[in-house]
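Below: one structure, written as structure tokens.
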Amino acid sequence: MSGNSFLIENRVPAYETGPDDRMHCHWLMCRLQEAATAHADSLGFGIADMAARNSFWVLTSLRIEVEELPLREKKFALETWSRGAKKLRAFRDFCGCDASGREIIRASSEWMVLDSATRKPVLVDKALNLKAQDKTVFPDAMKRLRPGTPEREIRTLKVGYSSLDANGHVNNTEYLRWSLDSLRPLGFDQNKVKSIRIAFLSEVFEGNVIKLMDCESRDGGFELLGINETEDRAAFALQIK
């Protein structure tokens, strides 16, 4: 690990895996989030540092490509680094390897900074020492996810307290967990997942009612749109192949 990147390497515990001994996709997303948080903390722009600036980070877009999901009790190494920022957006990539050092996970993400009082985006402060690296796991730029036409409702849920994070809103990993559980009756098999794209469109809070809509998939796989019925606005969009 260098000062410009951050590496977490440990064994995959049983509680992160399912009956097939593979890591659940939402736990993989948890790992990405924790690696990003730990790296930001180490460089002085983590949760406490941003709180002192009356602001906080939010994940706005995520793309994950999967060769295979990590195995229970096997070593999994996850490296992350910043790719810098441009105006309202900051960029971060990830690379995950199995015990043999083979790359099995690649991910890229976009983040924004919200003002703690207004909950509105603010420019990423140029004074933040992001330690940006000029390397990326994907050759093409991330495009904003735009789901197909909603066709049918597949689940409605009311947000509970356990879904909230330190910022008081639903943690981004919950959207993926809700979605993948809802897709199983439609034939979804997480062991066949090769690609996950998710866009976070608005904050969701305790007590909000979320409706998951199955959308027309133009490129194969599944597409979902999460609608916050309480606030009458889209909360997130998901594409999975």
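The values are calculated or read from the model by the stated rules, or taken from the named source; none is laboratory data. Since this is a predicted model, take the numbers as computed values, not measurements. Note that we place each Cβ from the backbone using ideal geometry, even for glycine, and neighbour counts take in every protein chain shown. Note: areas computed on protein heavy atoms with side chains; ligands, DNA, RNA excluded. Shrake-Rupley method; radii C 1.70, N 1.55, O 1.52, S 1.80 Å.
Taking the condition touching a strand residue (DSSP E or B) at 6+ places or on another chain (Cβ under 6 Å) and of a type in the set (Asp, Glu), does residue 134 pass? Show your work before the answer.
Numbers: touching a strand residue (DSSP E or B) at 6+ places or on another chain (Cβ under 6 Å): no; of a type in the set (Asp, Glu): yes.
So residue 134 fails the test.
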Quiz item: Is it true that residue 219 is of a type in the set (Asp, Glu), assigned to a loop (DSSP other than H, G, I, E, B) and within 20 Å of residue 183 (Cβ to Cβ)?
Solution: yes
Practice problem: Find all pairs meeting these conditions: Cβ atoms under 7 angstrom apart; at least six residues apart or on different chains; first residue within the stretch 113-130 and farther than 19 Å from residue 37 by Cα and of a type in the set (A, V, I, L, M, F, W, C); second residue open to solvent by 80 Å² or more (accessible area, probe 1.4 Å) and not in a strand (DSSP E or B). | Solution: 117/54; 123/87
Quiz item: Which number in (1) surrounded by 14 or more Cβ atoms within 10 Å (Cβ to Cβ); (2) among the basic types (Lys, Arg); (3) out of contact with any Ser or Thr (no Cβ under 8 Å at 6 or more places or on another chain) marks the one condition that residue 152 misses?
Solution: (1)
Practice problem: Taking only the stretch 1-59 into account, find how many residues are under 26 Å from residue 136 (Cα atoms), aromatic (Phe, Trp, Tyr) and open to solvent by 30 Å² or more (accessible area, probe 1.4 Å). | Solution: 3
Quiz item: If you scan the stretch 118-168, which residues turn out to be over 19 Å from the mean Cα position of the chain (by Cα), among the hydroxyl-bearing types (Ser, Thr, Tyr) and not in a loop (DSSP other than H, G, I, E, B)?
Solution: 156, 161
Quiz prompt | Matching option when the condition is in a strand (DSSP E or B), closer than 25 Å to residue 237 by Cβ and in contact (Cβ under 8 Å) with a residue 12 or more places away in the chain, among 65, 79 | solution = 65
Practice problem: Inspect the stretch 53-68 for any residue being over 22 Å from residue 165 (Cβ atoms) and either more than 15 Å from the chain's Cα centre (by Cα) or of a type in the set (Lys, Arg) (or both) and give the result as yes or no. | Solution: yes
Quiz prompt | residue 27 farther than 30 Å from residue 182 by Cα, of a type in the set (Phe, Trp, Tyr) and at pLDDT 95 or above | solution = no
Self-check item: Unique residue being buried (at least 19 other Cβ atoms within 10 Å of the Cβ) and either among the acidic types (Asp, Glu) or more than 30 Å from residue 49 (Cβ to Cβ) (or both) when the list is 176, 157, 183
Solution: 183
Quiz prompt | Sole exception among (1) touching a His at 6+ places or on another chain (Cβ under 7 Å); (2) free of Cβ contacts under 8 Å to residues at least 12 places away in the same chain for residue 203, by number | solution = (2)
Quiz prompt | Residues of the stretch 81-137 satisfying the condition of being within 19 Å of residue 44 (Cα to Cα), of a type in the set (S, T, N, Q) and crowded, with 20+ Cβ neighbours inside 10 Å | solution = 82
